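What follows is one structure encoded as structure tokens, with my remarks underneath.
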Amino acid sequence: MKNEAPGKESSVYKVLSNPHRRRIIEIIGAEGKTSFTELNRDLQMSIGALYHHLDALGDLITQDDQHKYILTRRGKLAFKLLNETSDQLSSVRSDHDGDSSHTSNRLAYVVKIFLPRSVFLSVSDKPILYLPVTGIIVVLGAWVAVQANLRFLLVFPDNQTTLSPILMAVFFVFSWLTVFVLSDIFSTLIFRRKGGDLSLLVGSSFSFLPLIFFSGLWHLFKIVRFDAGGIITSVLLLSSQLWTIGILSCSISFSKGLKMDRSALVSFMVTYVTIAIFLFGQIYR
């Protein structure tokens, strides 16, 4: 890729440092063109994960009139590069990490803790293995909601309620399932991404963990009779909701194979529905 600018060449190395993306380029390069179904069959990965890798390849691939994937000019050069310098590609990730500053490494570490993308990649590959964890999260969330006397309206826990404990538990489960359904519907209608439903179901339960943590704190404050104050409570709630939106975005990204900006749009649309439901409930209470 001698004619490529150094920055573009470096970006190609970085994209192709992933073995799955290298394999996609190799398959398309060898076949000339291939369909999504054929790639999915050859690679044997989840639909969401495959979409994710196809999006990450960017302008190295495109689709023809029959919606089959083909290599672009840059993609053909990358295919040639794969055959010439495979060792260099496999080591590019470690080289890039070595050049990073300590500040960026720390920031990346924090991001991994709060948005564990590797976890959701694993969930998208084998979601059925995480179903027991989902069950535990849902049961825990329903129990904490009852203990804290909070009614969940999707991603908004409301403390002004006189519901029975059973109904509060039902509201939590219903909120989780509604967030899952809305995320699936918006992803399908706006970006035409189908499949990955089971991994999205699991991932959406993970997204409720920050809200469960907030509910636990709320209950603890009541037990010890600590007056958190309106400002502190609002900050804690907003932080939990933003964290929930971030985790839900990661889940949508890997389940549906969307880029983070698109999956974040879906998450915020779910949030807007939450706000509308909450305001509607306040008006007609």
**OP:** Pairs only if they're at least six apart or on different chains, beta carbon under 8 angstrom, first in region 138-153 and more than 22 Å from TYR272 (Cβ to Cβ), second among the basic types (Lys, Arg); list them, first residue then second.
**Re:** ALA145/ARG151; ALA148/LYS222
**OP:** Select the helices (runs of 4 or more DSSP H) contained entirely in region 191-285, then report the ones holding at least 3 residues which are more than 18 Å from ARG117 (Cβ to Cβ), at pLDDT below 90 and in contact with a strand residue (DSSP E or B) (Cβ under 6 Å, 6 or more places away or on another chain).
**Re:** 260-283
Original post:
Restricting the search to region 231-258, which residues are surrounded by fewer than 16 Cβ atoms within 10 Å (Cβ to Cβ) and farther than 20 Å from PRO210 by Cβ?
Top reply: none
Subject >> Answer residue from region 123-165, given it is of a type in the set (Ser, Thr, Tyr) and in contact with a helix residue (DSSP H, G or I) (Cβ under 8 Å, 6 or more places away or on another chain) and is nearest to GLY195 (Cα to Cα) among those >> reply: SER124
Original post:
touching a Pro at 6+ places or on another chain (Cβ under 9 Å) and either crowded, with 22+ Cβ neighbours inside 10 Å or under 21 Å from LEU140 (Cα atoms) (or both), is that true of LEU163?
Top reply: no
Subject >> Some residue of region 71-86 being at pLDDT 90 or above, over 25 Å from the mean Cα position of the chain (by Cα) and surrounded by 14 or more Cβ atoms within 10 Å (Cβ to Cβ) >> reply: yes
Original post:
Looking only at residues in region 46-62 that are modelled with pLDDT under 90 and surrounded by fewer than 18 Cβ atoms within 10 Å (Cβ to Cβ), which one is farthest from LEU258 (Cα to Cα)?
Top reply: ASP59
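The values are calculated or read from the model by the stated rules, or taken from the named source; none is laboratory data. Remember, predicted model here, so these are calculated numbers, not experimental data. Methodologically, a virtual Cβ is constructed for each residue, glycine included, from the backbone with ideal geometry; neighbour enumeration extends over all protein chains shown.
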